[in-house]
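Let me begin by presenting the structure, written as structure tokens, before commenting on it.
The values are calculated or read from the model by the stated rules, or taken from the named source; none is laboratory data. In this text, all values refer to a predicted model and were calculated from it rather than measured experimentally. With ideal geometry, Cβ positions are generated from the backbone for all residues, glycine too; neighbour counts draw on all protein chains shown.
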Amino acid sequence: MRKFDLLNFFYGLGAAIILVAALFKFIGWVGADTLFIVGLLGEALIFLISGVQPVFKQKPYHWERLFPQLEKEGDEEAANASPTAEGVEVTQAQQIDQVIQSMLALNSSVENLNQATSRLTSYVEKLETNYEMVNSSTLDYHKEINSLKIKIASANEKLKEFENYKF
């Protein structure tokens, strides 16, 4: 069960006073300066008290009491015994095998990434070629449209001249 920490309470109280003072200052209410002074002096006093507060040594936790499975019979003997050469070689061999497997997996991933990058590069090159073709065709289309506009305007003028011509 936690007990009430008076010092922590005053930390929070001082911070709350400062925040309210900031709110008063932003809104322009009266009393902001006084609240700032009270809050900052309170915080300074709390920091001073916490700076000289004695530190108590914590008791070591006995986890094996809470979790009995942590304490197995013969653990002390196994912890005190030195590892055998065979055990070290087996462990090293297993670690080397794990490193080799990891490297093979990494190599495979890098190869897949290289292939994907190559495909992406070729797709981008094709897109660039297609974009240039579409851009060129669009420019040609605009030229043809402008030429057609000129011809239609000319035909309209000829038609107006023909309508004005009396037989």
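Without any contact (Cβ under 8 Å) to a residue 24 or more places away in the chain, under 36 Å from the mean Cα position of the chain (by Cα), outside any loop (DSSP other than H, G, I, E, B) and surrounded by 10 or more Cβ atoms within 10 Å (Cβ to Cβ): is that true of Leu23 in this structure? It would help to see each step written out before you state the result.
Values: without any contact (Cβ under 8 Å) to a residue 24 or more places away in the chain: yes; under 36 Å from the mean Cα position of the chain (by Cα): yes; outside any loop (DSSP other than H, G, I, E, B): yes; surrounded by 10 or more Cβ atoms within 10 Å (Cβ to Cβ): yes.
So Leu23 fits the description; yes.
Where the second residue is at pLDDT below 75 and not charged (D, E, K, R) and the first is not assigned by TED's automatic domain parsing to the domain that holds Leu7 and surrounded by 10 or more Cβ atoms within 10 Å (Cβ to Cβ) and lies in the stretch 51-69, which pairs have Cβ atoms under 8 Å and are six or more apart or on separate chains?
Trp63/Leu70; Glu64/Leu70
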